[in-house]
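Asker: I have a structure here, written as C-alpha cells, and I will follow up with some questions on it.
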Amino acid sequence: MGFPFVYCVVCGCPFDIPPLDETLEDRWASDDPLEDDTKQWLYGIRLIGTTSCLEQFATPPFRMPKNESSIEGFVVSEPAEWAITDGFYFRLGQDPYRVLAYADDSSDVLLPLHENCLSILRRALEWRDELAPEPHEPFPSLVGVYKALCAQFARNRAESRRIAEATGFYGTGDYMNYGMEFDHDYCGAREFWAFEGWMQTRANEWYCNDPVNIPGLLIFVLGLLTETTPEAGRAVGNANERPESAAVTGAPSLQATSCPFLEGLPFEIMSLIVSFLPTSSILSLRQCSKALASRLRANQQFWRIQLLRGSAIPFLWDLGGLDKRPRAPEEQDGDKLARPIESGCWDWKGLAKALVRSNAIMKADETSLASAPWGLRNRCRIWTLVNDILTLPVD
C-alpha cells in the first residue's frame, strides 16, 4: 500500500515539495517547484518532544542527537530529514525516529514541524510575553505549547476511537492518518492531504510558499502607503520629527516637576519609557488621562516608528528600512517619481490599519490586498494557527 505522507502539526503543509505534474490542467504556476526558492523551506524540519519519548521512539541502538533546547528534559532537535519512503519516521543523522505515537506509560508525543513554523511560534510567544499584564503571571512557553499539542493529540485519539466505534470500521478513513487534526482544518490546508502526497491545484500553491523570507513584501507594503496633504500631515505630526522623541511632546527638560504623577515626568524620561513599550500599551497609556493623551501623540510619526520596529503588527517584524527605500518607477506616478518614502507626508496610520487585517490579507479577497505576496498570505495563515495553538487547553 506504500508509505503515508506526514504533515506539519503547526501549518498542515508537507515536508516535501510536490513535483510538477504536467498532466494536471490546474497545476501549480511554478515552472519547476523543486527549484523554486519559495518552496525550499518545506525541507527545513525540526522535532520537538521530551528526552524520554525521543529514546523510546528511536530505532536501537539509541544515540542522543544534538538538542538545541536548554530546558531540561525537553528536546528541540537538530535539522531532521524525511523522505517519501519514510512514512512516520524522521531521521536525525542516520537514526530514524517515530513521530505522532504515544510513548509507553506517557502522554508525550514526538512532533514534527517546519523550522520556519517553529520560528513563527517563538515570535508569537515573545509577543505574548511582552503583553503579559503582570510580570509574575504565567505566559505560554514552548514547553507549554508542546504539552497543549500533546493534549490535542490525545483528543484526536479519543475522537478516532469514537469514529471507529460509530462506524464499525477500524483502521479506515483518513482521520488522523497523516497528522494532527484541528477544528480549524489548518485554514484550508487539511483539504489537500492525501495518502500519495499534497493534492496539487493552482489555488493552493500559496499554502506552500515560504512564510519567513518573502520576496516582494516591501513592494506590496509600499503600494498600500498613501500620501497625505501637507495640511493633514501637519495636523497629525510630520513624518520627519526626531525618531527618538516622536511619541512624546513637550519641551526637553530634566528638571523635577511639581506634578508627582507619570504626566509630570521629564520629557527625556517619558520618551525613554515609551520606547520600551509595545504599541498596544502606549495606546492604553494614552487613555489614562488627558495629560498623557496630549503628551503621547499617536501621530503619523508614532505609527511610522511602531511599524518599522515591528511593534505595531506582530507578524510583520521585517519592515525595518521601509521608509528608506525609494519607490521604483513602476510604483509611482507624476511628481512622486523617485522620491524617497522618508520625504513628504505619508499615511502611516492608514497603512497600519490595512496591514493589521491578517485574515483579509490571508484570503486576498479585497482589491487592495489581492496582490499580497503568497508568502505573506501564508505567514498570516500560520500566525492565526499559532495563536490558536497558544489557547489550546492542556487537559
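Readers should treat all values here as calculations from the given coordinates under stated rules, not as data from a laboratory. Bear in mind the structure is a predicted one, so any value in this text is a computation, not a measurement. Because the Cβ atoms are built from the backbone with ideal geometry, glycine has one as well, and the counts that use them run over all protein chains shown.
Asker: D for region 33-208, whole µm²/s, Stokes-Einstein with Kirkwood Rh over alpha-carbon pairs at 20 °C and 1.002 mPa s: what number?
Answerer: Result for D is 119 µm²/s.
Asker: In nanometres, what is the gap between the two model label sites at residue 391 and residue 359, each 7 Å from Cα along Cα-to-Cβ?
Answerer: In this crude label model, residue 391 to residue 359 measures out at 1.0 nm.
Asker: Still on this structure, I have one more. I want to check the label-to-label distance for residue 167 and residue 213. Put each point 7 Å from Cα in the C-beta direction and report it in nm to one decimal.
Answerer: About 4.1 nm, to one decimal.
Asker: Among 93, 103, 114, which residue has its Cα furthest toward the positive end of the charge dipole of region 25-125, with +1 on Lys/Arg Cβ and -1 on Asp/Glu Cβ?
Answerer: Among 93, 103, 114, the one farthest towards the positive end of the dipole of region 25-125 is 103.
Asker: Something else about it: Using the 10 angstrom Cβ neighbour count as an exposure proxy, how do 25, 227 rank, fewest first?
Answerer: 25, 227
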